[in-house]
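Some notes on the structure that comes next.
The values are calculated or read from the model by the stated rules, or taken from the named source; none is laboratory data. Just so we're clear, the structure is a prediction, and the values are computed from it rather than from any experiment. Here the Cβ is made from the backbone with ideal geometry for all residues, glycine too, and neighbour counts use every protein chain on show. Side chains included, ligands, DNA and RNA excluded: accessible areas come from the protein's heavy atoms. Shrake-Rupley method; radii C 1.70, N 1.55, O 1.52, S 1.80 Å.
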Amino acid sequence: MQRLLTGLQPSGALHIGNYFGALKPFAEMYAEYESYLMVVDYHALTSLRNGDELRGNIKNVVRDYLAVGVDPAKAIIFQQSQVQEHTEFAWVLECLVTVSFLELGHAYKDKVAKGIEATAGLFNYPMLMAADILLYDTDVVPVGEDQRQHLEYAREAAAKFNKAYGETLKEPKELIQKSVAVVPGTDGKKMSKSYGNTIPLFGTKDEISKAVMSIVTDSGGDKPEHVFAIHKLLKTETELAPLYEDNQGKYKALKDALIEDLDALIAPMREKRSAITDAEVKKVLDEGSAKAREKAASKMREVRQKVGVAL
Ligand code: ADP
Ligand code: TRP
């Protein structure tokens, strides 16, 4: 079985774009691999400086994945900070790559261009991510297109280590879901929490209604295109054809139908999510982290031996 690993930033409430673009495809494929699902809480320190908020986000991200059906018996769900080998190994990798190489990082450059403080943590972010991946001899890493370069960084770090110390680390491959369309937000742009145009994934029916009613429909024509684009994620075009033919130009009726269809998808997940207790989340993370630690510790023993700190 191939090994799959991915990392989730504990960075706040999810929207239906995240669901169709990331959670649903993940939930459909993870069981075919030996899967590791890691909450990258130390990466979140590059953007978050509020302990209570981070604590809450870590628990929420686990709850979200359990609610969409990821089974902790079929995946190792764990917390990055509970496996200290990640930060330890990142240091070793940082001693192999150059500053000028890291300066080419798109994510780093974009964030600094937006005025975000250029901390050393933000700069070294790709090497902590490389450590996350390389510690587990990972074969595939499902990520969004924006993470492609980070996988190149991980491969480069692995190659440098292997060149210096002999074959030790496996070069991972990214798994980028091409088939998933970009889900439009209520204003027709890409749905994103940073644009404030989202339909919340675990929202109440009222919150869903409010978001759907705000979908922009001023493009003219019989079919409100942004409403239809979201509707198509829930039903086939053939299933939707009679509804849209019978209600040409009736935007309110079409939005009402979309609200019902969205709620039919979301209600069971919302209920499942609300039944998950803090204690359950903690148990999943503690058990997963113990398993991850075993793997990571064994790799780190080999690394310490190779670099020469193990006497
Ligand atoms: P946001 O843009 O809201 O900050 P993130 O960048 O945190 O979302 O994305 C988390 C995951 O959800 C990524 O895998 C990303 O590809 C996916 N995703 C985010 N927005 C959309 C969208 N509008 N359509 C499809 N997938 C999306
Ligand atoms: N950088 C990734 C993101 O922003 C999160 C991440 C950290 C990650 N470590 C990882 C993803 C390891 C995959 C594998 O989405």
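Worth a mention:
- Residue 69 vs. criteria touching a residue at least 24 places away in the same chain (Cβ under 8 Å) and closer than 19 Å to residue 136 by Cβ: no
- In the range 148-158, the residues that are farther than 24 Å from residue 30 by Cα and open to solvent by 40 Å² or more (accessible area, probe 1.4 Å): 156
- Among the residues of the range 230-247, the one identified as open to solvent by 80 Å² or more (accessible area, probe 1.4 Å) and within 18 Å of residue 15 (Cα to Cα) is 232.
- Within the range 271-288, the set of residues being basic (Lys, Arg) and either exposed (fewer than 15 other Cβ atoms within 10 Å of the Cβ) or not in a helix (DSSP H, G or I) (or both) comprises 282, 283.
- Screening 133, 116, 76 for residues that are touching a helix residue (DSSP H, G or I) at 6+ places or on another chain (Cβ under 8 Å), over 16 Å from residue 43 (Cα atoms) and not polar (S, T, N, Q) leaves exactly one candidate, 76.
- For the range 118-147, the candidate set comprises residues that are charged (D, E, K, R), on the phi < 0 side of the Ramachandran plot and modelled with pLDDT of 95 or more; within that set, the residue that is most open to solvent (accessible area, probe 1.4 Å) is 139.
- Restricting 291, 250 to residues that are under 30 Å from residue 55 (Cβ atoms) and surrounded by fewer than 17 Cβ atoms within 10 Å (Cβ to Cβ) narrows the list to 291.
- Residue, surrounded by the most Cβ atoms within 10 Å (Cβ to Cβ), within the range 294-311, restricted to residues that are among the aliphatic types (A, V, I, L, M) and assigned to a loop (DSSP other than H, G, I, E, B): 310
- When restricted to residues that are exposed (fewer than 14 other Cβ atoms within 10 Å of the Cβ) and out of contact with any Gly (no Cβ under 6 Å at 6 or more places or on another chain), the range 218-229 contains 4.
- Residue 215 passes every criterion in (1) without any contact (Cβ under 8 Å) to a residue 12 or more places away in the chain; (2) in contact with a Pro (Cβ under 8 Å, 6 or more places away or on another chain); (3) crowded, with 16+ Cβ neighbours inside 10 Å apart from (1).
- No other residue among 59, 74 is more than 16 Å from ligand 1 (Cβ to nearest atom) and closer than 26 Å to residue 193 by Cβ apart from 59.
- Checking residue 188 against (1) more than 9 Å from ligand 1 (Cβ to nearest atom); (2) small (Gly, Ala, Ser); (3) free of Cβ contacts under 8 Å to residues at least 60 places away in the same chain; (4) not in a loop (DSSP other than H, G, I, E, B), the condition it does not meet: (4)
- Residue match in the range 75-95 (condition: more than 22 Å from residue 12 (Cβ to Cβ), open to solvent by 40 Å² or more (accessible area, probe 1.4 Å) and touching a strand residue (DSSP E or B) at 6+ places or on another chain (Cβ under 8 Å)): no
- Selection status of residue 33, surrounded by 16 or more Cβ atoms within 10 Å (Cβ to Cβ), over 15 Å from the mean Cα position of the chain (by Cα) and among the hydroxyl-bearing types (Ser, Thr, Tyr): yes
- The one condition from (1) in contact with an Asp or Glu (Cβ under 8 Å, 6 or more places away or on another chain); (2) touching a residue at least 24 places away in the same chain (Cβ under 8 Å); (3) within 13 Å of ligand 1 (Cβ to nearest atom) that residue 172 does not meet is (3).
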